[in-house]
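Throughout, read-outs are computed from the coordinates displayed, never taken from laboratory work. What you see is a predicted model; the values in this text were computed from it and never measured. Neighbour counts run over all protein chains shown; Cβ positions are idealised from the backbone, glycine included.
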Amino acid sequence: MLRVLICVSGGGTNLQAIIDAWKAGELGDTQIVRVLSNNADAYALKRAELAGIEGVCVSPKEYENREDFHKALLQTINDANPDLIVLAGFLVVVPKEVIAAYRNRIINIHPSLIPSFCGTGYYGLKVHEAALARGVKISGATVHFVDEGTDTGPIILQKAVEVKEGDTPKELQLRIMEEAEWVILPKAIRLIADGKIAIGDKQ
Ligand code: GRF
């Protein structure tokens, strides 16, 4: 069984898509063991509660410094003993200790077709603003493994989405979520649960 921990910061629509797929039996032999938020007010925690999944908040505001926050984050993750960590709209830069401890076992959803509009500074609406400013006709979403870089890990799945004439960043963001993110994130978890994804250089 694949024990999955999901990290969130906000609304949690990607979390909801995973929960819905899980409840529909579409995630294979998967168990969502914990939802971790860095933000106590995240609606994603409510979604976890409604689904009967344990939600835990580890907020940087509760710690004196970044180091203590990172330690608490790692401890909270370790306590859940996950096989896979899913970053579903998690706005914290994952500490290197966590990446090292869960090498090739952390995946992230990014709302563009990597390597376009990714890397430092490209998060939330900024990604879609940049895509529209460049005038691309196609954007989309990417699920990738997390390494020490920003959006640099191996790509698992991508899905293209049409950019429409006159789109606002919010309209494009919503279309990408509906048509791509909510589809490929559960799909990637399923592939991993089924043992269909392998990457070399595991340490
Ligand atoms: C999504 O656009 C995701 O790609 C990005 O943050 C957003 C999270 O939305 N990293 P939600 O919290 O899943 O609704």
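Evaluated over the Cα positions of region 2-193, the convex hull gives a direction-averaged projected area, one quarter of its surface, of 10.1 nm². The GNM of the chain, with springs linking C-alpha atoms under 10 angstrom apart, assigns the highest mean-square fluctuation among Thr76, Thr30, Thr120 to Thr120. Across the chain, C-alpha contacts under 8 Å between residues 6 or more apart give a mean separation that, scaled by the residue count, equals a relative contact order of 22 percent. P(r) tail for region 53-141, what percent of Cα pairs lie past 19 Å? So the pairs more than 19 Å apart make up 50 percent of the total in region 53-141.
A straight Cα-to-Cα reach below 15 Å connects Lys137 with the aspartates and glutamates Glu129, Glu162, Glu165, Asp167, Glu171, residues fewer than 8 places away in its own chain not being considered. Comparing region 84-203 with the 2.2 N^0.38 Å rule of thumb, its C-alpha radius of gyration ratio is 1.06 (two decimals). In a DSSP loop and with at most 12 other Cβ atoms within 10 Å, the GluC sites (Glu not before Pro) in region 124-167 are Glu148, Glu165. Distances between placed amide hydrogens fall under 5 Å for Gly89 paired with Ile109, all partners being 5 or more residues away or on another chain.
Taking region 101-123 and a reference point 7 angstrom along Cα→Cβ of Glu179, the backbone N atoms nearer than 20 Å belong to 109-118.
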